[in-house]
Amino acid sequence: MPYLLILPAGLWLIVFFVVPAVQLFATSLYDPSGSLATGYAMTGDLGNYPRALGDYWPQLLRSLGYAAVATLACLALGFPLAYAIALKAGRWRNMLLVAVIAPFFTSFLIRTLAWKTILSDTGVLVGLLRHAHLLGADGRLLATPFAVVAGLTYNFLPFMVLPLYASLERFDRRLLEAAGDLYAGPVAGFRRVTLPLAAPGIVAGTLLTFIPAAGDYVNAQLLGTPRTAMIGNVIDSAFLVRLDYPSAAALSFVLMFAILVLTVGYLRRVGAGALDAVS
Amino acid sequence: MRLGRWLADHWVLGAGLVVLAYLLLPVAVVAGLSVNRASSRLSYDFHEFTLDWWAHPCGSPGMCAAVVRSVQIGFLSTLVATVLGTLMAFGLTRHRFAGRGATSILVFLPMATPEVVMGSSLLALFGAARVPLGFATIVIAHVMFCVSFVVVTVRARLAGLDPQLLEAAADLYAGPWQAFRRVTLPLALPGIVAAALLAFSLSFDDFIVTNFNAGTTTTFPMYVWGAAQRGIPPQVNVIGTAMFLIALLLVALTMLRPRRARF
């Protein structure tokens, strides 16, 4: 009986997720001198990996770096918001939650293009910053690493806020009062009580933000320049423009592997038990 | 002194509201641009108020066809993903069986894989199997990445259900099928509806996976992407604003709906 229930979705995931992943791995071992028209020879050649890494390690490191900074920014911005909704909003709680999710429905491409307008050289924001001398007379925000990281932060912030909210919502505020009775100041109370209780949300949120951000290329394409290109841009153009399937497949696997190593390392450090909150 | 105390109590709320404003700012810009006539095609300055774009949303060639196609793909993918995902959620919640852990990992993996990897690996598969890219391959891809989110959402709802309700139903002489139809299904329904809404929004909004598997078929996000290279037609902002308003309306309707007992 349970097998009948899980079989349809399970088969779908195996045929269209697991098999493609295996196919992608096989593609990464193809002879790179072939082409889509003539077909590729399966040579089991591991050379695609060092070749792809040698050519594109700056984009790979940049992707992981941008994603890490964006994840930290999401945590810094998302924590006060999730805390405020869970513990301070009272009867406005549901309305604020809706306000966090609602921007999702305006397509994320359109919202990213809106950031292009907001950050543009002739926009109000750049004008203000130049006026306040926080930006040079010809300083710009668009087409800088700042714009790309800001775009990533913006697009993945709800993925941080929702799990943080889920773990803070169950938080009993009397625990903080108890900490106060035991002579803990606000900082000690936050560090010793709030933070450990929010840990599952922090772990889930950082993973849900970091993983898609590291693979994203829309923000780098719309808000950046070729000098801010991420690994996703390279994979995308290798598959769809240069039609160089073997090295594109190798890069996809390198990205997966880098994410896997970082995730496992991170979970071992913080304790995998924290992940129970997600599943 | 009072002010200091008030500030200490409320600064988190203030900071939270600032972050919320940051989340909503682009939506406000999109709404503003949807009623703006710019001074030239490539500039996005606020120049003149107009309702022309709202009156003629299909004035931009090809856009409405792309929106209709995205809605069709969204409905079809949502239907398939919701049915498959709900079945699996029931299987994972109500039963213990060999392979349950492996199934959970299989569900979790697509959510932990960057879209560019999922999209490109499907393309590698379709390419190797010589499947022509188009409407069908987009739906296949969308069902694939939506199904996990449906499983997780419905499962969370089912996990919160009190098993004693089923025992009570049995005590009242309900057979297993009746208990499912009259007790389990109504209680699980909000979770299933939430999962379907989530699946639709994921499908309607997806660009990266779609772009790999669409061939020459154009969905709305792909239309926006193409248009972004040559200057976005203002009607795009009308669609963005309309989607936002429809979502708010749906939420308002579900919140205002009178609750009645369903036993």
Review point. Which condition number does A:Ala76 fail, the rest of (1) within 14 Å of chain B (Cβ to nearest Cβ); (2) at pLDDT 90 or above; (3) surrounded by 14 or more Cβ atoms within 10 Å (Cβ to Cβ) being met?
Key: (3)
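One line per residue, one yes/no per condition, for (1) modelled with pLDDT of 90 or more; (2) more than 13 Å from chain B (Cβ to nearest Cβ):
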| residue | (1), (2) |
| --- | --- |
| A:Pro8 | yes, no |
| A:Thr43 | no, yes |
| A:Gly47 | no, yes |
| A:Pro58 | yes, yes |
Practice item. Any residue in segment B:19-37 that's more than 7 Å from chain A (Cβ to nearest Cβ): show its pairings with residues that are among the aromatic types (Phe, Trp, Tyr) at Cβ separation under 6 Å, as long as the two are six or more apart or on different chains. Key: B:Ser34/B:Trp53; B:Val35/B:Phe49; B:Asn36/B:Phe46
Exercise for review: Might you check whether a residue that is within 7 Å of another protein chain (Cβ to nearest Cβ) and aromatic (Phe, Trp, Tyr) occurs anywhere in segment B:89-98?
Suggested key: yes
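Checking the condition closer than 30 Å to B:Pro163 by Cβ and among the β-branched types (Val, Ile, Thr), which residue from B:Val236, B:Val209, B:Val251, B:Val193 passes?
The match here is B:Val193.
Could you tell me whether A:Thr153 is of a type in the set (S, T, N, Q), crowded, with 17+ Cβ neighbours inside 10 Å and closer than 18 Å to B:Leu24 by Cα?
yes
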**Study point:** Residues being without any contact (Cβ under 8 Å) to a residue 12 or more places away in the chain and more than 11 Å from chain B (Cβ to nearest Cβ) - total across segment A:238-248
**Key:** 2
Study note, to complete from the structure: Across (1) touching a Leu at 6+ places or on another chain (Cβ under 6 Å); (2) crowded, with 23+ Cβ neighbours inside 10 Å, B:Leu106 clears everything bar (2)
Revision key, fill the gap. Of the candidates B:Gly226, B:Gly175, B:Gly160, the one satisfying the condition of being out of contact with any His (no Cβ under 9 Å at 6 or more places or on another chain) and within 12 Å of another protein chain (Cβ to nearest Cβ) is B:Gly226
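Take the conditions modelled with pLDDT under 85 and over 19 Å from A:Ala9 (Cβ atoms) and apply them to B:Arg37. Does it pass?
Values: modelled with pLDDT under 85: yes; over 19 Å from A:Ala9 (Cβ atoms): yes.
Yes, satisfied.
Kindly check whether there is at least one residue in segment B:73-83 that is hydrophobic (A, V, I, L, M, F, W, C) and not in a helix (DSSP H, G or I). Before the answer, list the steps.
Just the residues of segment B:73-83 that are hydrophobic (A, V, I, L, M, F, W, C), to begin with: B:73, B:75-76, B:79-81, B:83.
Now restrict to residues that are not in a helix (DSSP H, G or I): none.
No, every residue in segment B:73-83 fails to be hydrophobic (A, V, I, L, M, F, W, C) and not in a helix (DSSP H, G or I).
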Check your understanding: Are there any pairs with C-beta distances below 9 angstrom linking a residue in segment B:167-188 that is buried (at least 16 other Cβ atoms within 10 Å of the Cβ) to a residue that is in a helix (DSSP H, G or I) and among the hydroxyl-bearing types (Ser, Thr, Tyr), with the two at least 6 apart or on different chains, and if so which?
Key -> B:Ala169/B:Thr184; B:Ala188/B:Thr86
**Study point:** Residue in segment A:172-195 that is in a helix (DSSP H, G or I) and within 20 Å of the chain's Cα centre (by Cα) present
**Key:** no
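Could you please find all residues in segment B:89-124 being under 14 Å from A:Leu7 (Cα atoms), assigned to a helix (DSSP H, G or I) and among the aliphatic types (A, V, I, L, M)? Give the derivation first.
Residues of segment B:89-124 under 14 Å from A:Leu7 (Cα atoms): B:89-92, B:95, B:97-100, B:102-104, B:106-107.
With the extra rule that they be assigned to a helix (DSSP H, G or I), the set shrinks to B:89-92, B:100, B:102-104, B:106-107.
B:Ala89, B:Leu92, B:Ala102, B:Leu106, B:Val107, listed by residue number.
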Check your understanding: From the set of residues in segment A:202-247 that are in contact with a helix residue (DSSP H, G or I) (Cβ under 8 Å, 6 or more places away or on another chain) and hydroxyl-bearing (Ser, Thr, Tyr), which is nearest to A:Leu113 (Cα to Cα)?
Key -> A:Tyr217
Review point. Counting just the residues of segment A:208-232 that are facing chain B (nearest Cβ under 7 Å) and outside any loop (DSSP other than H, G, I, E, B), which one comes out surrounded by the most Cβ atoms within 10 Å (Cβ to Cβ)?
Key: A:Gly232
Review point. For segment B:125-144, does any single residue satisfy the condition of being at pLDDT 85 or above, in contact with a helix residue (DSSP H, G or I) (Cβ under 9 Å, 6 or more places away or on another chain), part of a loop (DSSP other than H, G, I, E, B) and among the β-branched types (Val, Ile, Thr)?
Key: yes
Check your understanding: Restricted to segment B:222-252, and to residues that are touching a Ser or Thr at 6+ places or on another chain (Cβ under 6 Å) and of a type outside the set (A, V, I, L, M), which residue is surrounded by the fewest Cβ atoms within 10 Å (Cβ to Cβ)?
Key -> B:Pro233
Practice item. May I ask you to verify whether A:Leu4 is in a helix (DSSP H, G or I) and at the interface with chain B (Cβ under 9 Å from one of its Cβ atoms)? Key: yes
Review point. Restricting the search to segment A:243-260, which residues are of a type outside the set (A, V, I, L, M, F, W, C), modelled with pLDDT under 90 and part of a helix (DSSP H, G or I)?
Key: A:Tyr245, A:Pro246, A:Ser247
Check your understanding: What number goes with the only condition from (1) without any contact (Cβ under 8 Å) to a residue 40 or more places away in the chain; (2) surrounded by fewer than 23 Cβ atoms within 10 Å (Cβ to Cβ); (3) of a type in the set (A, V, I, L, M, F, W, C); (4) at the interface with chain B (Cβ under 9 Å from one of its Cβ atoms) that A:Ile235 does not pass?
Key -> (2)
Practice item. For segment A:97-109, state whether one or more residues are more than 13 Å from chain B (Cβ to nearest Cβ), under 30 Å from A:Pro200 (Cα atoms), surrounded by fewer than 21 Cβ atoms within 10 Å (Cβ to Cβ) and without any contact (Cβ under 8 Å) to a residue 12 or more places away in the chain. Key: no
Practice item. Tell me which residues, restricted to segment A:56-76, are touching a residue at least 24 places away in the same chain (Cβ under 8 Å) and under 20 Å from A:Val234 (Cβ atoms). Key: A:Tyr56, A:Gln59, A:Leu60, A:Arg62, A:Ser63, A:Leu64, A:Tyr66, A:Ala67, A:Ala68, A:Val69, A:Ala70
Exercise for review: Quick one: A:Leu141 ticks every box in (1) out of contact with any Lys or Arg (no Cβ under 9 Å at 6 or more places or on another chain); (2) farther than 23 Å from B:His10 by Cβ; (3) within 13 Å of chain B (Cβ to nearest Cβ) except a single one, so which number is it?
Suggested key: (3)
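The values are calculated or read from the model by the stated rules, or taken from the named source; none is laboratory data. Remember, predicted model here, so these are calculated numbers, not experimental data. Backbone-built Cβ (ideal geometry, glycine too); neighbour counts: all protein chains shown.
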